[in-house]
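Contents: one structure, followed by commentary.
The values are calculated or read from the model by the stated rules, or taken from the named source; none is laboratory data. Keep in mind that what you see is a predicted model, and the values were worked out from it rather than measured. Don't worry about glycine lacking a Cβ; one is built from the backbone with ideal geometry, like all the others, and counts go over all protein chains shown. In case anyone asks, the SASA skips ligands and DNA or RNA and just uses the protein heavy atoms, side chains included. Shrake-Rupley method; radii C 1.70, N 1.55, O 1.52, S 1.80 Å.
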Amino acid sequence: MKIIVIGAGAWGTAVAVSAARNPGGHQVVLWARDPAQAEAMAAARENARYLPGIPLPRELHLRGGAPDDGLLAAVPQADLIIIATPVAGLRPTLELLQGTDVPIAWLCKGFEAVRDTGAARPFGLMPHEVQRQVAPALRAGALSGPSFAQEVARGQPTALVAASRDADVRRAMVEALHGPTVRVYGNDDLVGVEVGGAVKNVLAIATGLADGLNLGLNARAALITRGLAEIARLGVALGARPETFTGLSGLGDLVLTATGDLSRNRKVGLLLAEGRTLDEAVQSLGHVAEGVYSARTVWQRAQHLGVEMPVTECVVALLDGALKPVEAVAALMGRDPKGELL
């Protein structure tokens with residue numbers, strides 16, 4: 001396969017490295033927005049900024065520059081385009097690609113932020129909703145699941161989900177990455193996969209907060225379990241299938257992000273528990289923590305649909321400064337008794 005990965009951050013680089021190592025002998029191009037970054041990576045055979053210490057295989061080609069500087073000319077010859085930008089970069093990238101028939105997969109997890117309160121769309125959109133709005137003719141889907149970039153790039157065992165309503169798009173994602181160290185499972189429930197990938201980031205902030213406050217393993221287990229219930233409630237209300245949330249992009253991704261030390265969203269919760277401000281926590285990461293930007297949209301959509309999400313509500317209040325860490329815990333523990341499956 002000829003594969004182009006757009007975006008040379010940690011996750012884009014890791015996926016490009018994995019595809020280039022695939023025994024299928026793929027031709028992989030990693031496209032960086034900054035030509036200087038591409039040149040530096042090509043010279044050092046390493047992404048020193050985002051994945052230091054991990055060598056780039058010889059089979060991986062580095063390019064960089066504005067999209068009209070060669071990228072669009074290369075797209076028609078590709079068998080798969082992988083968009084590895086943050087959610088904020090998805091819309092302009094899809095607009096550039098809207099005329100192609102090449103299968104497209106995005107890696108971002110979250111909701112697009114809405115900064116104009118007078119906008120016709122009152123809520124941030126999930127990636128598939130952005131695609132449906134700006135480039136509905138594209139054949140596209142999401143590559144998701146429990147995965148840290150460093151471990152994928154090192155060749156440690158990982159399982160992912162290729163989600164699309166188009167069987168050919170799912171097949172292209174599987175062929176690109178399924179191999180000795182990566183298993184890729186197909187799923188046509190794109191809504192469920194995206195809800196799981198987005199909302200788990202918000203709940204990982206809550207779990208990091210609980211761990212930072214030394215509330216114990218009981219509290220961690222409770223937050224993960226009740227968090228999964230919130231994900232499933234919102235997902236079903238948005239049209240997803242319930243069983244998706246017991247799979248890799250639901251339970252799997254939530255457990256990884258809520259407990260793994262490489263999780264940026266969990267780290268935000270840990271830093272807030274230390275007394276850091278939100279700005280200090282975000283600045284210290286050096287990477288995007290999508291849960292910080294998605295939390296309010298998740299809560300707004302839940303309210304609009306009449307879905308109860310108390311953990312998410314407390315995370316939003318915490319990020320807004322309306323609650324302190326200990327007050328957020330007290331708010332959750334002080335709720336009235338309820339049936340578990342309600």
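The sole residue among Thr246, Thr257 that is open to solvent by less than 40 Å² (accessible area, probe 1.4 Å), within 18 Å of the chain's Cα centre (by Cα), of a type in the set (Val, Ile, Thr) and at pLDDT 95 or above is Thr257. Mind listing whichever residues of the range 93-108 are in a helix (DSSP H, G or I), open to solvent by 10 Å² or more (accessible area, probe 1.4 Å) and within 22 Å of Asn201 (Cβ to Cβ)? The answer is Thr93, and nothing else. Residues of the range 315-342 that are in contact with a helix residue (DSSP H, G or I) (Cβ under 7 Å, 6 or more places away or on another chain) and open to solvent by 90 Å² or more (accessible area, probe 1.4 Å): Arg335 alone. Within the range 181-203, residues that are more than 17 Å from Ile104 (Cβ to Cβ) sit with their Cβ atoms under 7 Å from residues that are of a type in the set (Phe, Trp, Tyr), at 6+ positions apart or across chains, in these pairs: Gly192/Phe245; Gly196/Phe245; Ala198/Phe111.
Considering only residues in the range 274-314 that are of a type in the set (A, V, I, L, M) and closer than 21 Å to Arg226 by Cβ, the one that is surrounded by the fewest Cβ atoms within 10 Å (Cβ to Cβ) turns out to be Leu305.
Screening the candidates Glu280, Glu340 for the property of being assigned by the TED database to the domain that holds Ala210 and among the acidic types (Asp, Glu) yields one hit, Glu280. Any residue that is touching a residue at least 12 places away in the same chain (Cβ under 8 Å), hydroxyl-bearing (Ser, Thr, Tyr), open to solvent by less than 50 Å² (accessible area, probe 1.4 Å) and not in a helix (DSSP H, G or I) - is there at least one of those in the range 154-173? The answer is yes, given that some residue of the range 154-173 is touching a residue at least 12 places away in the same chain (Cβ under 8 Å), hydroxyl-bearing (Ser, Thr, Tyr), open to solvent by less than 50 Å² (accessible area, probe 1.4 Å) and not in a helix (DSSP H, G or I). Check whether at least one residue in the range 112-129 is closer than 19 Å to Leu30 by Cα, hydrophobic (A, V, I, L, M, F, W, C), open to solvent by less than 20 Å² (accessible area, probe 1.4 Å) and outside the structural domain of Ser294 (by the TED database), and report yes or no. No, the conditions are met nowhere in the range 112-129.
For the range 286-306, the set of residues classified as hydrophobic (A, V, I, L, M, F, W, C) and part of a helix (DSSP H, G or I) consists of Val292, Ala295, Val298, Trp299, Ala302, Leu305, listed by residue number. Mind listing whichever residues of the range 45-61 are open to solvent by less than 70 Å² (accessible area, probe 1.4 Å), outside any strand (DSSP E or B) and within 10 Å of Ala10 (Cβ to Cβ)? Once the filter is applied, which keeps residues that are open to solvent by less than 70 Å² (accessible area, probe 1.4 Å), outside any strand (DSSP E or B) and within 10 Å of Ala10 (Cβ to Cβ), the range 45-61 yields only Tyr50. Would the range 14-26 turn up any residue that is under 29 Å from Gly99 (Cα atoms), open to solvent by 50 Å² or more (accessible area, probe 1.4 Å), out of contact with any helix residue (DSSP H, G or I) (no Cβ under 6 Å at 6 or more places or on another chain) and not in a strand (DSSP E or B)? Checked against the condition, which is being under 29 Å from Gly99 (Cα atoms), open to solvent by 50 Å² or more (accessible area, probe 1.4 Å), out of contact with any helix residue (DSSP H, G or I) (no Cβ under 6 Å at 6 or more places or on another chain) and not in a strand (DSSP E or B), the range 14-26 yields at least one hit.
Within the span defined as the range 72-81, one or more residues are in a loop (DSSP other than H, G, I, E, B), modelled with pLDDT of 90 or more and open to solvent by 40 Å² or more (accessible area, probe 1.4 Å).
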